[in-house]
Structure formats: C-alpha cells, structure tokens
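Read the structure below first, then the notes.
The values are calculated or read from the model by the stated rules, or taken from the named source; none is laboratory data. Here the structure is a predicted model, which is why all the values come from computation and not from measurement. No Cβ is skipped: glycine too gets one built from the backbone with ideal geometry, and neighbour counts run over all protein chains shown.
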C-alpha cells in the first residue's frame, strides 16, 4: 500500500530539569498503519542552570496509526459535520479500538476527475462540464486535481495540479466517441493519485453507461481499491430506460459503479435529471474536505500483510435519526 508524505508539523515548548526543550512531532497521515516519530531537541539559544548549552537528545517512538475517513449524511443526503469523537465507535476485525485521533476540520484534498467521453455522452457532456465547474468553483484554494477521460480507452489528460483553469480548459475541449472502458479509466486515476500531496484523496467518476471495453475486471478493481488510500465516488447518469447498453463482467451500470465505490468508503449517486449534476459534485467536494478522520493504534500488532476489516458505528445525539455512515472498509496490515 502506498504511504502518504508528512503533512503537518507541530512544535511545542516545555521546561525540563534546568533546560527548555522544543518538542517536534511529525505525523505521517494515511489510511493504513503509519509511523509516528517524536524527537526531543534543545530550544535554540537556551542554556541550563549552569550556563551550559543543552546537549541534543532524541527520543524515537514508533507506533502504528490507522486513520479512517468517515462521511455522515442524513436521510436526504445532506452531510452532517457537527458530530464529536464520542459519537463514533471503531472496530477492526470485530474488536473495538480506542479512538486516539479525531479531526473534523476543512482540509485540502486531492481529487481525480474521471469523465466518460463515449458516444452516449454526446448530449450530456455540457452538463458534465458544468458539474466539474461547480466542483472547481467550490474547492479549497489548496485542493489539487487531475483529469482522466475515457471512451474505448482511458487517457490521462492532466496530471495533478492546483491550476483549476487548466482543468476547465481540458474539459472544454473534450470530444465524444466510441465505447466505454470505465474500469481501465479508474486504474489510470488510481495510479496518478499515488503522487497526491494530501491525505484526503478521492476519485470522482461521471458516466452514463456500463463498461463494455475494459481489459480489467471488477474483481481486479475491487482488489486495487482495497490497496489504494483513496475514496471512489461515482455519479451515474440514468437515461429514461436505464444506463446505456453494454455490459462488462455480467454487471449492469448501477451495480458496476456500486461495486467500485463501496469498498473504498465512497458512494454512488444515481442521477436522472442532468440539472442535479452540479449540485452533487459540489456536495462531494465539500464532504471530502470536511470528513471526519478517526485514528487508532490497532490492538492487533501482528505484521502479517493480512487484510483487516474496519467497521464504524455511530451513536448520534438525542433527536438525530436515520443518519448514514460511509467509511473505508479496511486496509492491509504491514508485512514487516
């Protein structure tokens, strides 16, 4: 599993016996086990009670930290962002874990937009462009994006960038033709996202049809999604008579997209009214930046590379009901 880079650095000053110290805590954030290292060093220019400069001391503390991004919506699909740590419980392989880290603030996100440009999208592409514009306009200034288009084959049109105008320009020049290689396109997106800057990472698919041209299978993608530190969202555009024709691996369009998204903790949105596209993409972008992040050190310390199932339970405040919870379903333990 790919690991994220260091995303934040905190410094704290405290007094020890005759000397002041700076505590540097660097935490590597990811959605699987990560390393935490703590170092103690003398504060610059500080001397002990005898007038001598402090001698550098380093303390290394290594532990596994699992961070699970969680989204909560009400029964109308509106995201709920006012919950606290005590409203959640986390289980790993059916064993309850102690939540030691909790975050619920707006944070930058890395997003790969995957757009269907097969022939059946000819009349729907203008609304897809509007949807991407809404996502970009509501983005955090530090968000980064990449763009993949697919018809009979996928193509990375734009690598990860914070230049939103570049994304919009590529969208404005999309052309439609050919068949639908959706699964292959998601593989291309996940590969590009290995270089993402941020912990919060997602792939957003906009498509109207079943896969009828991919070389990869659904099982291939489900396995890859388990190993990838990202969430997959899909917006399925329904025609009056369902998705466009053509099947891959025996699944119709909605079932295919659901199988892609559910393992990663994302969600499938079925859209019958093209006017809903922009609103849904905006909501997804806002939700990604305002997700809850639950962190724990696994009680099982065995490093065997096995897949571990994660379950998140919600204990809402009084008066709250019918809340839906979405989370990443598991991760692979380290093998060494």
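Return only the number of the condition from (1) assigned to a helix (DSSP H, G or I); (2) farther than 26 Å from residue 290 by Cα; (3) out of contact with any helix residue (DSSP H, G or I) (no Cβ under 7 Å at 6 or more places or on another chain) that residue 183 does not satisfy.
(3)
Out of 178, 242, I need the residue that is more than 17 Å from residue 259 (Cα to Cα) and either modelled with pLDDT under 90 or within 19 Å of the chain's Cα centre (by Cα) (or both). Which one?
Details: 178 fails: either modelled with pLDDT under 90 or within 19 Å of the chain's Cα centre (by Cα) (or both).
Just a single option satisfies the conditions, and that option is 242.
Do we find that residue 316 is in contact (Cβ under 8 Å) with a residue 12 or more places away in the chain, out of contact with any helix residue (DSSP H, G or I) (no Cβ under 8 Å at 6 or more places or on another chain) and outside the structural domain of residue 220 (by TED's automatic domain parsing) in this structure? Step through it out loud before you land on a result.
Values: in contact (Cβ under 8 Å) with a residue 12 or more places away in the chain: yes; out of contact with any helix residue (DSSP H, G or I) (no Cβ under 8 Å at 6 or more places or on another chain): no; outside the structural domain of residue 220 (by TED's automatic domain parsing): yes.
No: the conditions fail for residue 316.
From the set of residues in the stretch 208-234 that are modelled with pLDDT of 90 or more and surrounded by 24 or more Cβ atoms within 10 Å (Cβ to Cβ), which is farthest from residue 68 (Cα to Cα)?
214
Being surrounded by fewer than 13 Cβ atoms within 10 Å (Cβ to Cβ) and either in contact with a helix residue (DSSP H, G or I) (Cβ under 8 Å, 6 or more places away or on another chain) or assigned to a loop (DSSP other than H, G, I, E, B) (or both) is the filter here, so list the residues in the stretch 81-99 that pass it.
First pass over the stretch 81-99, keeping only residues surrounded by fewer than 13 Cβ atoms within 10 Å (Cβ to Cβ): 82, 84, 86, 94-95, 98.
Across the stretch 81-99, the qualifying residues are 82, 84, 94, 98.
Here's a check for you: in the stretch 117-132, which residue that is farther than 18 Å from residue 181 by Cα and surrounded by fewer than 24 Cβ atoms within 10 Å (Cβ to Cβ) is farthest from the chain's Cα centre (by Cα)?
Ranking the candidates gives 123 first.
Of all the residues that make up the stretch 155-186, how many are in contact (Cβ under 8 Å) with a residue 40 or more places away in the chain and either closer than 16 Å to residue 119 by Cα or crowded, with 22+ Cβ neighbours inside 10 Å (or both)?
Taking the stretch 155-186 and keeping what is in contact (Cβ under 8 Å) with a residue 40 or more places away in the chain, we get 160, 167, 171-172, 174-180, 182-183, 185-186.
With the extra rule that they be either closer than 16 Å to residue 119 by Cα or crowded, with 22+ Cβ neighbours inside 10 Å (or both), the set shrinks to 167, 171, 174-180, 182-183, 185-186.
The total comes to 13.
Mind counting the residues in the stretch 140-149 that are in contact with a helix residue (DSSP H, G or I) (Cβ under 6 Å, 6 or more places away or on another chain) and under 24 Å from residue 188 (Cβ atoms)?
Residues meeting the conditions: 4.
Every residue in the stretch 108-136 that is closer than 23 Å to residue 290 by Cα and free of Cβ contacts under 8 Å to residues at least 40 places away in the same chain, please.
Step one: filter the stretch 108-136 for residues closer than 23 Å to residue 290 by Cα, giving 108-114, 130-136.
Result: 136, single match.
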